[in-house]
Structures are given as C-alpha cells and as structure tokens.
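See below for the structure under consideration.
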Ligand code: SF4
Ligand code: SF4
Ligand code: SF4
Ligand code: SF4
C-alpha cells in the first residue's frame, strides 16, 4: 500500500535524521532568497519556491578544499582531504529538474577520471525528490523529456496531495531504508489524491532534431545574432544544475595554504585564454555557442545524455535576457 | 529581488498606450536613421519570449527596425555595448543608442573618461516612467508594486542632452524612497554592525561577475580580480576573496558609477550592491562636491590631485 507523510512529520523526519547525526540539506529561505542549505531544524524547510541555485552544490560545492600544504623543517607537507570522510547526507525537497541532473553528472565525473569528491558525496547522499507545483513561464522540463512529476534521480519521491502532506514513493534501497527506519512517521493510505501539477506551457523540443542541426552548424550566423549581447558572466552556468566546469587554484601564503576546486564558466572571456595569449574562443558568440553545443551535442555524443533539465534558471537570471528555450525553438525551426 | 518594492500599490503608473506610442516613434526614428545612413547601427531593446520581458538588440537593417520596442521591461543600461569590454559588437561608424535618463548619465561618464565621443553617437532619449524591479511580477503593468527601487527616487526620468527625446510623460506620483531609507539605516549603524552587514551579504557572492559584466564602467581589459601572476585578490568564492573583490569594485567605481543599479539587478544572489554605490557617491559629493555623470566634461575626483584636497585621513 502507498505511504504518505504529513507536513508536520516531514519536519519531524528532518529533526530525527539530524539527531541521528545525518546532515540534512533542503530549501531554506533567508531574506529574499531560497537556497539548498544545511538545515538546523525541520521547521527551516521551505518548499515554496524553486531554490535560486540548483542542488548540484550538494555534490559539487561552489568551492571546496581538495588538499592543504604546510612548509615545515622537513620541506613541504601535503595533506589530502579524504572524501570517504564526507558526512552521510539527506537532500530533501529536490525538484525534478534538480534531482534529474545528478545522474547526468555521474557520467562525466566517473568517466576517464573518477572524481571522488563528487562520487563519494553521491554515494553518501539520499535524495528525497519533490513533485513540482510551481512551474512558471521560464520552466521547460517537459520540453526536454522530464516533467514536474518525474522522479528520476530521487531515492524517495514526494508528491503533494490534496489532503495536505505527501504521497511517498521509495524508488531505491536508500529510499526504502529511509522509510523503514522511520516507519512511525509514515502512514499507509489507499486513497490519497495527488495535487495537479501544472505542466510548463510552450513548444516541445525535439532534442534529436536540435542535435542534428548542431552537428552541421558550428559555423552559423545565428551565434552572433543571439549572443553578441551576451555579457560574459557566470550567472547561467553557476545557477544551472547541469553545468559542471571548475577551476583549481592554490591559495594561501608561502608557509601554508590550500588547493581549491571552485566553479568556473565557459561564458567567461578568460575561460579558454591560453598562456601564450591565444584565445580560441575570442568573442562572446563563440563562448555562447559552446554553452549550447556542450549541452545539446557534445554531451550527447559522449554520454547519450542532455545537459539541461529545463529548470529555467539561466532564463530567469540572464542579465541580458538571453533565453535558452527561445534559442532552442529557433534552432528547431532549422 | 532586493530592489523590488513591497507589493502594495498596483495602480498602473502609465497607460499601456504610452509604451505603444513610444515604440512606434522609436521604430520610425530607427528606420529613418538607418535608411538615411545617419547611423550604421541602432542599439535598442526587443521583446523577450516571456511576457513582460525584453533584452538588448543591435539593429543594422532598417527593415528590422520594427523589432525594437520600449516598455517597462527595458531594464538594461545599453551603454555597456559602447564600451571597450564589448568592443565591436555594434560595428563601426556612428551609432544610435536608446537611453533612459539613468543610462544617459552612464553615457556622459563614458564621454568624460574618453571612452566614447559625443559626435560618434546619436542618442535617442526615451522619457521613462521606471522599469520593473528584478524578480518583480511582470505580468501586471508597471506600478509602485513592481517598480525597481532605483526608479522610486529617480530625478532624471526625462533625459537631457539627447539628440531626440521620445515620449511625454504624464505627471508621475511621488513615491516614498526605499533605497534612501535603507542607506540611512546603514549609516545609523556602528562600523562593526555595518561590517557585519556587508560580510553577511558578500559571503553569498558566488563570483559570477554578472555585476561586473553588466557595468558600463567595468571596462578594464584586465580586471585586477582576474590577475593571477601575481594574484591580487583570491579568485575563489570564499569570504576573504569576496570581501576583497567588493572593496576593489566599490573603490574603482567611486565617483564614476552613474547609479543605473545594473549590478544589483544582475546579481543572482540578491546582494544590495547599489547601496554601496550610493554610499560611495554620497562620500564623493561630501568630500569633493562631485556627482558622476552630470556633465560629460569633468574628470572624476579620484583621478585628479589638487593641493587643497582633504588630507585629514593621512595620520
Ligand atoms: S541550461 Fe538553463 S534551463 Fe537548462 S538546466 Fe541549465 S539552467 Fe536549467
Ligand atoms: S547568456 Fe546571460 S547569463 Fe549566460 S554568460 Fe551570457 S549574459 Fe551571462
Ligand atoms: S532610474 Fe529613472 S530613468 Fe532610470 S529606469 Fe528608473 S525611472 Fe527610468
Ligand atoms: S553578481 Fe552578485 S554573486 Fe555575482 S559576482 Fe557580483 S556580487 Fe557576486
């Protein structure tokens, strides 16, 4: 029989996980902004809006130390960070466009080089997904093969029901364990009516056709037309659940410091700036082209997946109004 | 989002017909300028796919002048596209640019810094009732409820010094200032409280540099914050580097910032950058009697040395 959980018990679930020593990350509002952040109490969970930044940072933080170094009597001592020591984590309230991005990123982070910083966090995290009732005019998950009810990437999936609370569907062993180990917080129901989820409106995308066009149009006047106005910031890439470029830098003093991994973006002019002074992507349209090519062609060529879940963040926050959905619709027309 | 006023008054500030009329006149003027060869390009705005959105557009073909629009969604300061940072996007030759009052101040500033020349520009001023705040509800017409914070206390709605001004505004209501109040609140704090306020805000910065990239005055070819040999500012988004970056930004824009608040609008982390801009502008006015972008002939006070400059800070 399907399980349900009330709003109140969902908060109690968080409290009891925290008490057991599990780190719980979920949408939390501070001032005007909601972000996926570690919760101190169940009450802090705020599921009202799509968090400003995506949930990728649970696995791929904005910035993290990957080793540290100290200069001592016997030379330089290097201390590694042990990814196995990362805490057990529950990510709660991940929308379909966020949860679905994690398995897509698994491909690149476990490809030729196994990025243990990402992969250990993935192993240690249980994802509680949330069916989405707040689609706006920037959302287009349904146009890229997902939907507000898609549970891809979730271990446990919550669907809001009319009576209040959620229908809970365990999709993996991690999800089942979460329910059985907190069984008293869940109830059994035969008749819970899921809330209607409003599908994002608008043109469906034919990703196959779009890729076909991209295969042929590395050189096309469309890139200049769309992206001359691109300001070359990192807003789109940083907010995106699927963008995953990073830079590595050593910071500190001569005596001690850290090696850090932090977000980078292909929109930045310096992204491909060579030490020689040559920059193969020497103009903004070439950088924007890379954004589209990587998401809808290169990643598909390599892993058979698309690097976009239609969350709409890059549309909402592009300071110059570049709308990736409009760009894709244009490309789809051929 | 933080420059959005509280949702209260939804009475439209101007009739939709105002924007339709301005749009018509704008298209006619742009088509004329392009077909008569007065300019080689018109930098303006075109409609976005989503309701109530618009973005920058560079039009070179007179047949496409009818893509241009003007509305409360025309938030961008287009002066950006005339700077070295966006070198060449509008092509060469005389260029026409659509400018609201606050954008015009940026143009004046860029002229003062010898970045552009008045004779290379054809300025199409638009009389402006204000623009939508970032994150505001754009499905409704422009009202006090969804107006950008900066516009509530704007004094330059009718641009001066343009080649042509399109639109005549009806009298607009006096609105209570939001930014000035916030600034007063900040100024009333102790230095320790103020430091804590900014520390908390800057801790949220992810170094996406949207603020820098949309700023007409951040046109340096080599930003100090991108330098790595030697490194001047830590590049990682952590408290120390973030604070350093924001101090660099504030100091480099002091006496230059035109107050268009584009940085704050662009910031996806809702950091109230324009508060800092306004604070610096006030300091510059008090110390040197200088206001940026009022006339295109002055050099900013921080690039000139005079013997009678205040030196009391040297201890
Ligand atoms: S490309 Fe844009 S819409 Fe697609 S997943 Fe990334 S931020 Fe969301
Ligand atoms: S597309 Fe928009 S958000 Fe992305 S780099 Fe360009 S200006 Fe920034
Ligand atoms: S500050 Fe003034 S000129 Fe600028 S957008 Fe607002 S109302 Fe218009
Ligand atoms: S736009 Fe905001 S988050 Fe991005 S670098 Fe500027 S202050 Fe930081």
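The values are calculated or read from the model by the stated rules, or taken from the named source; none is laboratory data. These figures come from a predicted structure and were not determined experimentally. FYI the Cβ positions are ideal-geometry reconstructions off the backbone, even for glycines, and counts take in every protein chain you see.
The table below gives the values:
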{"read-out": "The stretch B:53-71, residues that are in contact with a strand residue (DSSP E or B) (Cβ under 7 Å, 6 or more places away or on another chain), more than 7 Å from chain A (Cβ to nearest Cβ) and buried (at least 16 other Cβ atoms within 10 Å of the Cβ)", "value": "B:57, B:59, B:65, B:68, B:69, B:70, B:71"}
{"read-out": "Test for residue B:268: is it within 14 Å of chain A (Cβ to nearest Cβ), in contact with a helix residue (DSSP H, G or I) (Cβ under 7 Å, 6 or more places away or on another chain), buried (at least 22 other Cβ atoms within 10 Å of the Cβ) and farther than 18 Å from residue A:318 by Cβ", "value": "no"}
{"read-out": "The stretch A:230-250: number of residues that are surrounded by fewer than 24 Cβ atoms within 10 Å (Cβ to Cβ), within 11 Å of the chain's Cα centre (by Cα) and facing chain B (nearest Cβ under 9 Å)", "value": "1"}
{"read-out": "Candidate set from the stretch B:63-86 (those that are in contact with a helix residue (DSSP H, G or I) (Cβ under 7 Å, 6 or more places away or on another chain) and in a helix (DSSP H, G or I)); member that is modelled with the lowest pLDDT", "value": "B:86"}
{"read-out": "Among (1) more than 14 Å from chain B (Cβ to nearest Cβ); (2) within 16 Å of ligand 2 (Cβ to nearest atom), the one test that residue A:225 misses", "value": "(1)"}
{"read-out": "Within the stretch A:36-136, strands (runs of 3 or more DSSP E) holding 1 or more residues that are within 14 Å of chain B (Cβ to nearest Cβ) and surrounded by 14 or more Cβ atoms within 10 Å (Cβ to Cβ)", "value": "A:63-72"}
{"read-out": "Residue match in the stretch A:156-165 (condition: within 16 Å of ligand 2 (Cβ to nearest atom), farther than 23 Å from residue A:36 by Cα and more than 24 Å from the chain's Cα centre (by Cα))", "value": "no"}
{"read-out": "Residue within the stretch B:233-244 that is in a loop (DSSP other than H, G, I, E, B) and more than 10 Å from chain A (Cβ to nearest Cβ) present", "value": "yes"}
{"read-out": "Single match in B:141, B:171 (criterion: more than 16 Å from ligand 2 (Cβ to nearest atom), in contact with a helix residue (DSSP H, G or I) (Cβ under 8 Å, 6 or more places away or on another chain) and not in a helix (DSSP H, G or I))", "value": "B:141"}
{"read-out": "Test: residue A:184 is outside any loop (DSSP other than H, G, I, E, B), more than 16 Å from ligand 3 (Cβ to nearest atom), more than 14 Å from every other protein chain (Cβ to nearest Cβ) and over 22 Å from the mean Cα position of the chain (by Cα)", "value": "yes"}
{"read-out": "When residues of the stretch B:154-193 are limited to those that are closer than 20 Å to residue B:270 by Cβ and in contact (Cβ under 8 Å) with a residue 24 or more places away in the chain, the one surrounded by the fewest Cβ atoms within 10 Å (Cβ to Cβ)", "value": "B:180"}
{"read-out": "Top-ranked residue of the stretch A:251-273 - restricted to ones that are surrounded by fewer than 18 Cβ atoms within 10 Å (Cβ to Cβ) and closer than 20 Å to residue B:87 by Cβ, ranked as nearest to the other protein chains (Cβ to nearest Cβ)", "value": "A:270"}
{"read-out": "Helices (runs of 4 or more DSSP H) fully within the stretch A:198-271 counting 2 or more residues that are within 15 Å of ligand 1 (Cβ to nearest atom) and farther than 29 Å from residue B:44 by Cβ", "value": "A:207-216"}
